[in-house]
Structures are given as C-alpha cells and as structure tokens.
Amino acid sequence: MTRRRLAVVVVTLTLVTIVAAAPGADAHVRWYGGVHVGVGPFWWPYPYPWYVGPYYAYPPAVIVEPPVYVEMPPPPVWYYCGPSQAYYPHVQTCTDPWINVPASR
C-alpha cells in the first residue's frame, strides 16, 4: 500500500507543479515540449551514427595582383634653331620655331 501512496503523492506533486508553473490565461504562451519514455536496449546510444556528409576540400586561394604600369620619361631632345644654326642654350631666342632633335650620345 505504501507504493501506491507514494505513486499518488508523486503524481499529485507533479500536477501541482505543472499547474503552478503554467502562465496565466492572458499570457498567450504555448509549451511545445514533450515527454518521452524509452524502454528497451536501444534507448542509448543511438543505434547508428549521425550522417555528416562528405568532406569538401576547397581549392587554394589564388591572389592575382594588379599589373604595375611604369610610365617612361620622354626621350631627351635638343632644341635646334635653323636661322642661327645652333642649339639651345647657346642661342637664347630663335626667330623660327625651335626644331626638336633627338639627343644622341
């Protein structure tokens, strides 16, 4: 008889706890829990391992640097004055337009 009394006390305390912990009617809270009782030899561990899928190896990262543009300086030139038949700076002014002559070494 004590087992039965113990079972009644446990059930009663469980119901009182659930009712006391339940929110008021205006709280609009829902409980999505559940109770599961497992019986048998396969309740733990899970009978088969979790499937994690195949391993995917990503290709190595390729870093492409932008090209470097180097602007070449203009080639050196000498300024020739035709009427005086001399080059600048030996002649400071020229009556005709100056003639660009590529510099040679």
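Since every read-out is calculated from the coordinates, none of them should be taken as a lab result. Fair warning: this is a prediction, and the values are worked out from it, not measured in the lab. Heads up, the Cβs are rebuilt from the backbone with ideal geometry, glycines too, and the neighbour counts pull from every protein chain shown.
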Listed peptides 52-65, 89-102 by packing density, highest first (mean Cβ within 10 Å) = 89-102, 52-65
ask   = What nm distance separates the two modelled labels at Ala57 and Leu15, each placed 7 Å from Cα along Cα→Cβ?
value = 6.4
